[in-house]
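Please treat every number below as a calculation from the coordinates, not as lab data. As the structure is a computational prediction, the values presented were derived from the model and not from experiment. Because the Cβ atoms are built from the backbone with ideal geometry, glycine has one as well, and the counts that use them run over all protein chains shown.
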C-alpha cells in the first residue's frame, strides 16, 4: 500500500509515482494500492469547475500512464496477468468541497482493464462498491458472505427485469429540482409485471404516485439527506414506492400501491425461493408486505417489514403447496407522508 499524505502536496504525489515505478521494476507484488491526493486538495481549494482542477487531473493522468508503462516494461509481463482499476472515492462541488449527499459530491467513476473485463464496455450498473469485489474475483478469492460486501465484480452484469425499462425512462413532471434533461423514471412496468393502484390516493407528486421505476441519480435528486444515497445495492433501474415524495404535492387519501410479479411455474417442485435486494425505511403506521399467490388465488402475506432494512439482500424460501402449479409475488406498500421502499434484483427459482 502506497498512500499519500492526508494534507497532500504536489511533490508527495510525485514521490508516490516514482516509488511505485521502482516497486514494479524491482519487485513482484501481488497487489498494489496507490493513492494520489493532489486532485482532492485542488478540489477543496479551487473547486471542481476550475482550470486548476483540470490541470491536477492531467498531472495524475500522467502518473497513471507512467505506472502502466512500468507494468508493460516488466521482463515477465507476457506471462503475467494484470488487472488495473482506477477510481475515485468521491466528487466535489463546483465551488469546492465534499462530504454531503449531493449527487455531485457522490459522483465517482470506475475504470477497469484486465482478464475477463470487456474492453470499451460502459455498463450502467457499476458502482463504487464493486471495486473490492472485482479485485477479489481477479485474485481468485471468494468473499465470505459474513463480510457483507455490497458490491459485485464488474464482469457480472445485472439481469434484472427493471433494467429493460431504460428505453422508456422519461424526465421530470413535478420534481422541478431535478434537471430537465435527466431521463430517470417511468410508471411502465416490465413485461409480465403490473402495478395495482386501485386504493391509491389522489393527487400528490406525479413521479411517485404508486410504485415507480427509477435510476439512482433521478431518485437521489428528489430530496437530499433522507438517506437515499445509501441505496448502494440497487443497480440500473429499480422499483420504488415513496410516500414521502408523493406527499410533497397536495394529495388526498393514503399511499397504497402493489407491485406484482409475473406468475412462475412451480408444478412438480418442492420449494420456491424469492431473492431480491431491499432498502426500507419505517415510519409511523406505514406497512410493507411481501405476499404470495398460488395458482392465481388470494395473496397471502409471507413477510412483513416493521423496521429499517438498509440496502440488504433478502431471500425467502417457501414450500410449494400440494397441487400448486404457479406462484406470483406482490410487494404491497402503504403510507401517508412516511418513508419509502426500494426493490431490485428480483429473482425467483423453484427446486
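Below, the figures for the structure above:
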{"read-out": "Extended-chain gain in nm, criterion 0.36 nm per residue less alpha-carbon gap, residue 248 and residue 223", "value": "8.0 nm"}
{"read-out": "Label-point gap, in nm, between residue 12 and residue 307 - each point 7 angstrom along Cα→Cβ", "value": "4.2 nm"}
{"read-out": "Cβ-based exposure ranking for 211, 147, in which fewest neighbours within 10 Å come first", "value": "147, 211"}
{"read-out": "Overall dimensions of segment 10-147 by Cα: Rg and Dmax, Å", "value": "16.6, 47"}
{"read-out": "Ranked list, fewest to most other Cβ atoms within 10 Å of each Cβ, for 333, 280", "value": "280, 333"}
{"read-out": "Burial ranking of peptide ranges 15-26, 123-134 (average Cβ count within 10 Å, highest at the top)", "value": "123-134, 15-26"}
{"read-out": "Estimated inter-spin distance, residue 45 and residue 170, nm [label 7 Å along Cα→Cβ]", "value": "4.9 nm"}
{"read-out": "Label-point separation, residue 79 to residue 206 (7 Å along Cα→Cβ), nm", "value": "6.6 nm"}
{"read-out": "Stokes-Einstein diffusion coefficient of the chain, Kirkwood radius over Cα pairs, 25 °C, 0.890 mPa s, in µm²/s", "value": "107 µm²/s"}
{"read-out": "Sequence of 77, 255 once ranked by neighbouring C-beta atoms within 10 Å, starting from the fewest", "value": "77, 255"}
{"read-out": "Estimated FRET transfer efficiency (residue 95, residue 270; beta-carbon r; R0 51 Å; 0.05)", "value": "0.25"}
{"read-out": "Mean ellipticity per residue at 222 nm, deg cm²/dmol - from DSSP H runs of n ≥ 4 across the chain, formula -39500 (n - 2.57)", "value": "-6000 deg cm²/dmol"}
{"read-out": "Computed FRET value (nearest 0.05) for residue 132 with residue 27, which takes r as the C-beta separation and R₀ as 35 Å", "value": "0.90"}
